[in-house]
Amino acid sequence: MPIKVALPKGRLLGDTATLLKEAGWGLTGYHEKTRLYRLKSDAFPELTAKVFHEKDVPVQVAIGNYDLGICGLDWVEELMAKYPSSALVRVKDLKYGAGILYLVGSESGGTTSLEKLKTRPETVRIASEYPNLAEALALNLRLRQFNIYPLWGAAEGYPPDTADLVLIPGETSGQKFGHDLVIIREVLAFRAFLIANKHSWETRDMSGILDSLDAVLPLINEHPLPLRIDKPAAAGYLKSKEISEDAVRLALPDGHQQEPTVQLLNKAGLQIDDYPSTCGNRRPVIHLDGVSVKVIRPQDMPLQVANGNFDLALTGKDWVREHRYQFPSSPLAELLDLGFGRVKIVAVVVNDLPISDTDGLRQLWAKRPEALRIASEYTNIADKYARDNHLGRYRIVPTWGATEAFLPEDADLLIENTQTGRTLAKHNLKIIDTILHSSACLIGNSRVTPSPIKQKRIESIVAALRTAVKEV
């Protein structure tokens with residue numbers, strides 16, 4: 001009987017590849033520079049493996065798509081915090097990938113101890129990539145009022161002005177956080193674990209695979225991975241207490257959109273220091289009076305602007321659409337198309353499927369008893385697309401990257417972004433529909449009434465960017 005294993009990419013890939021090589025699995029192509037998603041074992045003919053974003057691994061194992069998986073215990077606990085009856089078995093501590101989830105506050109924000117938090121009359125704002133664990137922690141601490149802000153990442157940049165607390169991973173000893181952050185308590189110690197689907201664990205013979213790991217685990221040195229996020233802030237870092245109520249709070253994107261963002265800002269005459277940052281600084285300094293800047297994930301910007309945590313932000317129209325489908329009455333407003341970062345959001349299937357459009361997909365699945373599995377980072381866009389196109393019974397599979405790996409074994413349809421479609425074609429995939437065209441845009445909040453001074457500053461920034469866009 002075949003055994004399917006979900007393996008991690010990212011931070012655990014190198015150590016996992018070393019372990020499996022020592023165990024003699026014979027997974028050719030699984031290494032730190034791998035571009036492969038599907039792997040076969042030379043040593044265990046019944047074993048096949050697929051490479052996922054680490055956060056996807058426990059989900060895939062829990063729903064039964066994979067018999068075994070390797071990921072950090074932090075992501076297992078994040079899933080179990082919301083779905084405690086998930087069909088997961090923690091099989092084996094793999095002795096690497098050590099870290100700790102820390103609850104972190106801010107010195108200047110006054111959130112430095114549990115005693116202060118528990119007596120605080122205002123709502124406590126907690127931001128994290130681990131929203132389920134953050135909510136469970138807030139309940140256990142008996143906080144009077146709290147809001148959880150789910151993030152895609154970059155949580156360390158939020159306190160104290162955008163969140164009071166963050167739940168973030170760090171090292172196991174001697175951890176120090178920069179940017180005015182203070183550790184309040186350790187929440188969860190974690191390492192890489194081998195996990196199993198409960199049904200597979202109870203019904204399948206995996207003794208040979210497990211014995212191969214037992215034979216080499218004593219040789220694996222326990223060590224923490226480089227998870228440090230205590231990089232020094234650049235000179236001129238603007239603390240929250242220096243930001244007046246009239247200051248414009250501007251969010252800029254991290255990642256691959258930084259270079260075109262800088263080019264646009266330069267054209268607009270908006271000089272900014274340490275962006276992109278060589279030291280991980282998320283609070284660059286802009287040479288414009290009354291403006292503070294923070295660098296966050298574009299995916300998080302629409303909700304943050306809608307909640308009033310930022311006045312302006314540069315994100316993608318795809319993430320604006322994703323937000324609006326979830327919150328139809330959101331006060332989010334698109335102020336300006338910035339003209340770069342152009343991608344298409346498309347519906348994708350395997351090339352071998354005998355269809356060429358959504359009508360063909362609907363007709364094909366009408367003859368099948370199983371629900372259509374739709375994998376996407378854009379869960380709300382995917383949900384609306386399925387409903388609008390009357391795709392019958394369907395199930396949304398949330399992903400956190402490497403979505404093209406899901407077809408055809410773990411999903412039937414992808415809702416994905418692409419520029420040219422070449423990467424999709426390389427993975428034997430084809431586009432059957434274009435859902436929307438996206439580009440970078442400037443967003444704001446239509447319901448917030450700023451002070452006259454702030455309004456003038458906002459209008460000045462928008463006008464400068466509009467002029468720069470026309471010159472491109």
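The values are calculated or read from the model by the stated rules, or taken from the named source; none is laboratory data. None of these values were measured; they are calculated from a predicted model. Positions of Cβ are backbone-derived with ideal geometry, glycine not excepted, and every protein chain shown enters the neighbour counts.
Here is a yes/no grid of residues against (1) over 20 Å from PRO408 (Cβ atoms); (2) more than 23 Å from the chain's Cα centre (by Cα); (3) of a type in the set (Asp, Glu):
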site: LEU20; (1), (2), (3): yes, yes, no
site: ALA23; (1), (2), (3): yes, yes, no
site: TYR66; (1), (2), (3): no, no, no
site: LEU79; (1), (2), (3): yes, no, no
site: LYS82; (1), (2), (3): yes, no, no
site: SER86; (1), (2), (3): yes, no, no
site: LYS95; (1), (2), (3): yes, yes, no
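Only one of GLU135, GLU222 is out of contact with any Ser or Thr (no Cβ under 6 Å at 6 or more places or on another chain), of a type in the set (D, E, K, R), farther than 30 Å from ASP274 by Cα and modelled with pLDDT of 95 or more. Can you tell me which? Write out each step before concluding.
On the way: GLU222 fails: modelled with pLDDT of 95 or more.
Unique residue meeting the criteria: GLU135.
Step by step: first the residues of region 356-372, then only those that are assigned to a loop (DSSP other than H, G, I, E, B) and under 32 Å from the mean Cα position of the chain (by Cα), then the one that is nearest to GLY392 (Cα to Cα). Which residue is that?
If we filter region 356-372 for residues that are assigned to a loop (DSSP other than H, G, I, E, B), which is where we start, we get 356-357, 367-371.
Those still in the list that are under 32 Å from the mean Cα position of the chain (by Cα) too: 356-357, 370-371.
Working: SER356: 18, ASP357: 16, GLU370: 10, ALA371: 8 Å.
Only one residue fits best here, namely ALA371.
Which members of region 296-334 meet the condition of being touching a Cys at 6+ places or on another chain (Cβ under 8 Å), buried (at least 19 other Cβ atoms within 10 Å of the Cβ) and not small (Gly, Ala, Ser)? Even if it seems obvious, please write down each step before you answer.
Let us first name the residues in region 296-334 that are touching a Cys at 6+ places or on another chain (Cβ under 8 Å), namely 314-317, 320, 334.
Now narrow it down to the ones that are buried (at least 19 other Cβ atoms within 10 Å of the Cβ): 314-317, 320.
LEU314, THR315, LYS317, VAL320 - these are the residues of region 296-334 that are touching a Cys at 6+ places or on another chain (Cβ under 8 Å), buried (at least 19 other Cβ atoms within 10 Å of the Cβ) and not small (Gly, Ala, Ser).
Would you call ALA17 surrounded by fewer than 21 Cβ atoms within 10 Å (Cβ to Cβ) and out of contact with any helix residue (DSSP H, G or I) (no Cβ under 6 Å at 6 or more places or on another chain)? Even if it seems obvious, please write down each step before you answer.
Details: surrounded by fewer than 21 Cβ atoms within 10 Å (Cβ to Cβ): yes; out of contact with any helix residue (DSSP H, G or I) (no Cβ under 6 Å at 6 or more places or on another chain): yes.
When the stated conditions are applied, ALA17 passes them.
Yes/no per residue for (1) of a type in the set (S, T, N, Q); (2) more than 24 Å from the chain's Cα centre (by Cα); (3) closer than 28 Å to ASN309 by Cβ:
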| site | (1), (2), (3) |
| --- | --- |
| ALA411 | no, no, no |
| ILE415 | no, no, yes |
| THR418 | yes, no, no |
| ASN428 | yes, yes, no |
| ILE431 | no, yes, no |
| LEU442 | no, no, yes |
| SER446 | yes, yes, yes |
| PRO450 | no, yes, yes |
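Can you list the helices (runs of 4 or more DSSP H) found entirely within region 1-82 that contain at least 2 residues being touching a Lys or Arg at 6+ places or on another chain (Cβ under 8 Å) and either over 23 Å from GLU404 (Cβ atoms) or at pLDDT below 95 (or both)?
Working: elements: 13-22, 56-62, 73-82.
Per the criteria, 73-82.
Sort out which residues of region 354-374 are in contact (Cβ under 8 Å) with a residue 40 or more places away in the chain and not basic (Lys, Arg), and write them in order of number. Walk me through it before giving the result.
Kept after step one, since they are in contact (Cβ under 8 Å) with a residue 40 or more places away in the chain, are these residues of region 354-374: 355-358, 360-361, 365, 372-374.
Of everything in region 354-374, those that are in contact (Cβ under 8 Å) with a residue 40 or more places away in the chain and not basic (Lys, Arg) turn out to be ILE355, SER356, ASP357, THR358, GLY360, LEU361, TRP365, LEU372, ILE374.
Return the pairs, sorted by first residue and then second, in which the second residue is acidic (Asp, Glu) and crowded, with 22+ Cβ neighbours inside 10 Å, the first residue lies in region 164-188 and is over 21 Å from ARG11 (Cβ atoms), the beta carbons are less than 7 Å apart, and the residues are 6+ apart or on different chains.
Listed pairs, sorted by first residue: none to list.
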